[in-house]
Amino acid sequence: MTSLPIRSRRATEAEGPRMNREMEITAKMSLEDFPRLQRLRQALLEARTALGVQRAKLITEYYQKEGMDPQQPVLSQARALAWLLGRLPTPVFDDELIVGSTTEHRLGALLYPEFMGLAIWPELPNLAFRSHDPVSITSEDAELLGNEVFPFWRDMTIHEATRKKGDPMGSIAIGERMVFYLLAKSNGISHIIPDFNVLVQRGLNSIIDEAAQLGAQASDRETREFHAAVQVALSGVVHFAERYATACEVAAHVASARRAAELREIAEILRYVPANKPRNLHEALQAIWVTQVALHQENCDLALSFGRLDQILHPFYEMEFQSRRLSEREAGELIGCFFVKMGDHTPLIPSAAQDLFGGSATNQAVTIGGLLPDGSDGVNCLSLMLMKMAEILALREPNLCARVHGGSSHSYRRALVESIYQTGASPALYNDEPIVEGLVAYGLDAADARDYGVIGCVETTSCGRTMGMTGAILLNLAAVLELTLSDGVHLRSRLRIGPPSGQLGCFNSFEELYRSFEVQLDSLVALANDGNQRLAEAHAAVHPTPLLSALINGTAESGRDVTRGGAKYNSSGVAVVGLADVADSLTALKQGVFEQRR
């Protein structure tokens, strides 16, 4: 691979007086400087996770009344989302400057009955008493789910829609065993970075107007329906924000004079954004968050990430600094309120998956630093502020990810090291050179590759341009080794999973054993790919995502939902689980059996 050039930014902001001032100020900040954040943080930490039932209840009511329209799936989904956003509770909690709740609780677990939510059906009586990740639920809500919601969705989930279309290779059935691979698209479309930059640069009304124009010009029905669905979904988000504005105005009637003034200001903000382009940092943060809440009503709340927030928000931060309308401490408080809101929900993990995912956050990644599309260094003052606020809050969200490269300044690197020393683990560091080269090798334009962000745990894609679903498949490499040693038969179930590739006693050399391993690996990869593709087709047929699609580059031009390949870049991500263990095991077999012949 050819190295991509990096332009130097010496004697620019990265090393200039403005950056030095920011470093001096943020270095002195502590949680004690932010009484509001102390209270919000404590309230979140003391909150007990409660099951968010309202979304499941309302979406079920909608489909009981309206049904699904297989002839217009994307428009049907947009109408369902808009209906839902028009009826969800709009709680506003004390001290919040950024409002909008993922569930009806301060800390909730969202339930998606159309995806994998039915997995907790057997656990409803004991959900609040589990030893790991207990989730409180009222007896009334448990009865509602068990008697009305879950029975309605029993045969209508994405997984069931996939199975009904046939499973000739057995890939879906094998995935259900949760031994060989996991197919995450059964649980919805997530692990993506929406284009929040277009949100704050244009506002939703501008995107709605564009969709109306494109729809009027379209010559085929599918394209017209897609653009109509975008208008319906985005209008639903605008209405959702207006409903929160009303909730703030109502809350102001019974609040103290100081809090009432804050609530009225937040209400004004919500009546302006996300419909319009934000005018300041507070409006930009509020626009992004209320849109993220809406996205989580459409898509599973697993790793829908924010991308390069320091680049997205920097123009607003600098504008306020230059006009002296906002101090660094006030900006830090707003960012801290935003980060606290990120932690208002947690994934709902069934007991069967606790050993794999128990205790996990939703992994909403925020990326800072790194190269800009033109190859120059992108570190700015907001990079430091985001890092500092994540450090002093010390919460599970966000998953902060810092990009570095050969041209990164010494002061930035030092700030990263100091933050990692203070937190013990955050931010995670990402090396631009190999990542950008890898994305270019995959087929991305160099400028788009340089504009990558981190998704979820560790995955990287070009921000707002990629329908990546980077956590689509988790492939168990240890299972491949087991199948290699048992001629393709799963030892516990005695089922044949892979093709015959040789009995254990028939291998005369390590090379023969390794060829057998490759046969089993190719077979399992083919099965996992088949299952992933079948689930993707089911999403396109019964659960497209018009809101997410409106915030992904390429869909407006193609006139297609992301589930139908409308994004600029399309892929599915695979995590190979157990690589180090299998490498060690193969090495041990090579040395112990074939070389030392023990």
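See the values below:
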item: Additional length obtainable on full extension of the chain from Glu265 to Glu557, 0.36 nm per residue less Cα span; result: 101.4 nm
item: Relative contact order, percent, region 269-344 [alpha-carbon distance under 8 Å, six or more residues apart]; result: 34 percent
item: Cα centroid of region 32-72 to Cα centroid of region 367-431, whole Å; result: 30 Å
item: Three-way shape label, region 451-535, alpha-carbon gyration tensor, a/c 1.5; result: prolate
item: Proximal lysines relative to Lys57, as straight alpha-carbon distance under 30 Å, when same-chain residues fewer than 8 apart are discounted; result: Lys65, Lys164, Lys165, Lys185, Lys341
item: Taking only Cα atoms of region 110-216, radius of gyration then Dmax in Å; result: 19.4, 56
item: Burial ordering of Tyr181, Tyr421, fewest other beta-carbon atoms within 10 Å first; result: Tyr421, Tyr181
item: Rounded Å value of the spacing that divides the Cα centres of region 126-173 and region 457-503; result: 25 Å
item: Helix 221-252 axis, angle to the chain major axis (alpha carbon atoms, nearest 10°); result: 50 degrees
item: Helix 328-342 axis, angle to the chain major axis (alpha carbon atoms, nearest 10°); result: 40 degrees
item: Cut-off under 5 Å, modelled amide H: who pairs with Ala109 long-range; result: Ala50, Leu51, Gly52, Thr346
item: Met178 paired with Arg36, simple spin-label distance in nm, labels 7 Å along Cα-to-beta-carbon; result: 4.2 nm
item: Peptide ranges 229-241, 134-146 listed from the most packed, as the mean C-beta count within 10 angstrom indicates; result: 229-241, 134-146
item: Folded to 0 to 90 degrees: helix 281-298 orientation relative to the chain principal axis, Cα; result: 40 degrees
item: Label zone at Leu579, where the point sits 7 Å out along the Cα-to-Cβ direction: region 524-547 residues whose backbone N lies under 17 Å; result: 525
item: Correct option for P(r) over Cα pairs in 10 Å bins from 0, in percent [calculated from the coordinates] among (1) 3, 10, 15, 18, 18, 15, 10, 5, 3, 2, 1, 1, 0, 0, 0, 0; (2) 3, 16, 26, 26, 18, 8, 2, 0, 0; (3) 3, 14, 21, 20, 17, 12, 8, 4, 1, 0; result: (2)
item: Length-normalised contact order for the chain - Cα pairs under 8 Å, 6+ apart - percent; result: 20 percent
item: The chain - mean residue ellipticity at 222 nm from DSSP helices (-39,500 (n - 2.57) per run, n ≥ 4, rounded to 500); result: -15500 deg cm²/dmol
item: Alpha-carbon centroids, region 209-233 and region 316-359: separation in whole Å; result: 34 Å
item: Stokes-Einstein diffusion coefficient of region 418-482, Kirkwood radius over Cα pairs, 10 °C, 1.306 mPa s, in µm²/s; result: 114 µm²/s
item: Cα radius of gyration and Dmax for region 543-598 (Å); result: 22.5, 64
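No value in this document is a laboratory result; all are computed from the given coordinates. Just so you know, these numbers come straight off a predicted model, no measurement behind them. Backbone-built Cβ (ideal geometry, glycine too); neighbour counts: all protein chains shown.
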